[in-house]
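First comes the structure, then the notes that go with it.
The values are calculated or read from the model by the stated rules, or taken from the named source; none is laboratory data. Values in this document were obtained by computation on a predicted structure and should not be read as measured data. Note that each Cβ is placed from the backbone with ideal geometry, even for glycine, and that neighbours are counted across all protein chains shown.
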Amino acid sequence: MKKIITILTLFSLTFSLNAQTKLNKKLQRYCSTLEQEFTAISVDQKKELEEIGDYIFEKFTLKQEALILFICTHNSRRSHLGQIWLQTAAAYYGINNIKTYSGGTEATAFNYRAALALERAGFNIAKQTAPVSESANQVQNIPYQIGYAKSAPSMIVYSKKYNDINNPKQNFLAVMVCSEADKTCPNVDGAELRIAMPYEDPKYFDNTPAEMQKYDERCRQIARDQFYIMYYLKKKLILQNERSLN
């Protein structure tokens, strides 16, 4: 009986591990240096990131997909960066059964400056022609196609509310990436767990000489954090697999 339990436990964890996805060449170089910067993450921040890793680990032990929804006010910058980078980090570390999403307390548009920062990091970015909608301030909400590997489907991202039909409705983790959304959205219906992880908004540097630098900094910071989550999770999965075999 113990052997059967061990086999089932092993299966429930290994079904989430696969070969690492080969990313776009430029993106692969960018990502290969992120682990060297984990020391720049504060102890408190690491605890929050590990809580996300623990949530995903628990989902895997139950043989369930882990659904992660990043939320900010306008779903225009930080929440998209979180969604895109966590999905990319999962592919980089060969971890399956994770799906990432993003949304806002209101819908505007995915800001082109954030898209450019991702492109500079090595993503293939394609702007589609037809807008999903037009916001109240007449900004066209145009979808972007984000490619990170030839062997993986591109992500289609655009601004939407967190409870949009294309986002999960229950059994998900809500990650609040801006303090304003965390205050104005005290309850996220359907979320099993909610974690506040605010990042400084690069929009404050729009149309300034520091614009590109600040967007690249925020892109890098969010990438580093999401990669730390997957690095932590993979180590935990491997350790648990080794224990199950003993």
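Annotations
- Filter pass, Leu193 being within 21 Å of Ile56 (Cα to Cα), touching a strand residue (DSSP E or B) at 6+ places or on another chain (Cβ under 6 Å), surrounded by 14 or more Cβ atoms within 10 Å (Cβ to Cβ) and aliphatic (A, V, I, L, M): yes
- Residue within the range 96-104 that is aromatic (Phe, Trp, Tyr) and in a helix (DSSP H, G or I) present: no
- Residue in the range 121-133 that is crowded, with 21+ Cβ neighbours inside 10 Å and either on the phi > 0 side of the Ramachandran plot or not in a helix (DSSP H, G or I) (or both) present: yes
- In the range 113-143, the qualifying residues are those that are of a type outside the set (A, V, I, L, M) and at pLDDT 95 or above, and the one that is nearest to the chain's Cα centre (by Cα) is Phe123.
- Being farther than 25 Å from Thr21 by Cα, surrounded by 21 or more Cβ atoms within 10 Å (Cβ to Cβ) and basic (Lys, Arg) holds for only one residue in Lys160, Lys214, and it is Lys160.
- On the stretch given as the range 35-64, residues that are assigned to a helix (DSSP H, G or I), farther than 13 Å from Tyr232 by Cα and of a type in the set (A, V, I, L, M) total 2.
- Within the range 197-211, the only residue that satisfies the criterion of being buried (at least 18 other Cβ atoms within 10 Å of the Cβ) and more than 21 Å from the chain's Cα centre (by Cα) is Phe205.
- Residue in the range 167-175 that is surrounded by 16 or more Cβ atoms within 10 Å (Cβ to Cβ) and either touching a Cys at 6+ places or on another chain (Cβ under 7 Å) or closer than 26 Å to Arg29 by Cβ (or both) present: no
- Qualifying residue in the range 165-178 (condition: of a type in the set (S, T, N, Q), modelled with pLDDT of 95 or more, within 14 Å of the chain's Cα centre (by Cα) and under 26 Å from Ala121 (Cβ atoms)): yes
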